[in-house]
Amino acid sequence: MDLQNYKNTSKIDIYIWRYDNSMNIKSCYCCNACTQLMNKYNITNIYTFNKNKIESAIVKNPGVSLAYKIKNKLI
Ligand SMILES: [Zn+2]
């Protein structure tokens, strides 16, 4: 989606998650790149599921992105 088309991004809630091997929902936090992008567009309402609770997906020290890890052969 093109975020620039959304005038009032504070009205958008974004939920992100992963599945583990048994298809259980796992929490998922914004990486470095996402956090920068979200800051740029002033989006703060990104959440993830931790056990049965909803919590912010934006963390203080975000990790590097998966793309970065692949590019730099870190995984
Ligand atoms: Zn990310």
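Readers should treat all values here as calculations from the given coordinates under stated rules, not as data from a laboratory. In this text the structure is predicted, and so the values were computed from the model without any measurement. Positions of Cβ are backbone-derived with ideal geometry, glycine not excepted, and every protein chain shown enters the neighbour counts.
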Quiz prompt | Computed magnitude of the charge dipole of the chain (debye, nearest 20; Cβ of K, R +1, Cβ of D, E -1) | solution = 200 debye
Quiz prompt | Peptide ranges 17-30, 37-50 listed from the most packed, as the mean C-beta count within 10 angstrom indicates | solution = 37-50, 17-30
Quiz prompt | Gained length - ILE16 relative to TYR68, 0.36 nm times residue gap less alpha-carbon distance | solution = 16.8 nm
Quiz item: ASN52 versus ASN32, label points 7 Å from Cα toward the beta carbon: distance in nm?
Solution: 3.8 nm
Self-check item: Average Cα contact separation per residue, the stretch 9-71, under 8 Å, 6 or more apart, as relative contact order %
Solution: 36 percent
Quiz item: Restricting attention to the alpha-carbon atoms of the stretch 9-71, what are Rg (one decimal) and Dmax (integer), both in Å?
Solution: 12.3, 36
Self-check item: Cysteines having no other Cys beta carbon under 4.7 Å from their own, within the chain
Solution: CYS28, CYS31
